[in-house]
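The values are calculated or read from the model by the stated rules, or taken from the named source; none is laboratory data. Source: prediction; values computed, not measured. In this analysis, Cβ positions are derived from the backbone assuming ideal geometry, glycine residues included, and neighbour counts consider all displayed protein chains. Surface accessibility is based on the protein's heavy atoms, side chains included, excluding ligands, DNA and RNA. Shrake-Rupley method; radii C 1.70, N 1.55, O 1.52, S 1.80 Å.
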Amino acid sequence: MFAVGCILLSMIKAIIFDCFGVLTTDGWHPFKNKYFAHDSDKAKEATKLNGLANSGQIEFQQFLNQVGDLAGLSAQQVHYEISRNVANEKLFEYIKGLAVQYKIGMLSNAAQNWLGELFGPTRLEFFDGIVLSCDIGVNKPQKGAYEAIASKLNVRPEECIFVDDLTSYLHGAEAVGMTAIQYTDFDQFKTELEAVLKNDQSE
């Protein structure tokens, strides 16, 4: 339970979600584990390329080409494997209810904006603010990423809950004052979030 490691606040105004691994399945990390798990040098280079693409420092096609060279695949094959993402329908249905009371945000490390393809306009309407690393030139867990989404939602970081599947990004959120909850599966997340919100409302 990640949320217990941070200070609970008296007024939560926004709940911010990571995209890949939370709102949708994640293609990149399984791909990296599949092709580079036994070669630490290639894994580090692939991670570096991913970071450069996400922050807009290299073009997405260049990222695909170079990762393909590392994996012995074509750029098309790389794109196919990392882009087979499926929306988390159960979570989106739950977010619809949360949006009645809280501002809903999305903060994601992404090399391109393909949210329309992933989610369609109806699901995107749930979000009061979306920040992608490729648009601001800053990746999680740098503090600027979290500050950008808080600013977009017009709230203070201390008024936010941040949800991600990766602990390093949760630590980044906590460092700026957000409450962090790790997403493992829907039932675990729902239980932890509702405990935090109940505690918040009772203070």
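Pairs linking a residue in segment 128-144 that is open to solvent by 40 Å² or more (accessible area, probe 1.4 Å) to a residue that is outside any loop (DSSP other than H, G, I, E, B) and of a type in the set (D, E, K, R), with Cβ atoms under 7 Å and 6 or more positions apart or on different chains, are D128/K103. Within segment 88-103, at least one residue is open to solvent by 70 Å² or more (accessible area, probe 1.4 Å), touching a residue at least 24 places away in the same chain (Cβ under 8 Å) and either more than 29 Å from R123 (Cα to Cα) or touching a Phe, Trp or Tyr at 6+ places or on another chain (Cβ under 8 Å) (or both). State yes or no: is G68 among the small types (G, A, S), modelled with pLDDT of 95 or more and either more than 17 Å from the chain's Cα centre (by Cα) or within 16 Å of A110 (Cβ to Cβ) (or both)? Yes: the conditions hold for G68. Count of segment 140-172 residues, restricted to those that are under 14 Å from D18 (Cα atoms) and in contact with an Asp or Glu (Cβ under 7 Å, 6 or more places away or on another chain), is 5. Within segment 1-24, the set of residues being at pLDDT below 90, outside any helix (DSSP H, G or I) and of a type outside the set (A, V, I, L, M) comprises C6, S10. Of the residues making up segment 177-203, just one is open to solvent by 20 Å² or more (accessible area, probe 1.4 Å) and of a type in the set (A, V, I, L, M), namely A195. Selection of segment 46-60 for residues being open to solvent by less than 70 Å² (accessible area, probe 1.4 Å) and either of a type in the set (K, R) or not in a loop (DSSP other than H, G, I, E, B) (or both) yields A46, T47, L49, N50, G51, L52, A53, N54, F60. Is there a residue being of a type outside the set (S, T, N, Q), under 26 Å from M106 (Cα atoms) and either part of a helix (DSSP H, G or I) or open to solvent by less than 60 Å² (accessible area, probe 1.4 Å) (or both) anywhere in segment 33-45? So far as segment 33-45 goes, no, none of its residues is of a type outside the set (S, T, N, Q), under 26 Å from M106 (Cα atoms) and either part of a helix (DSSP H, G or I) or open to solvent by less than 60 Å² (accessible area, probe 1.4 Å) (or both). In the set (1) out of contact with any strand residue (DSSP E or B) (no Cβ under 9 Å at 6 or more places or on another chain); (2) of a type in the set (A, V, I, L, M); (3) buried (at least 19 other Cβ atoms within 10 Å of the Cβ), the condition left unmet by A150 is number (1).
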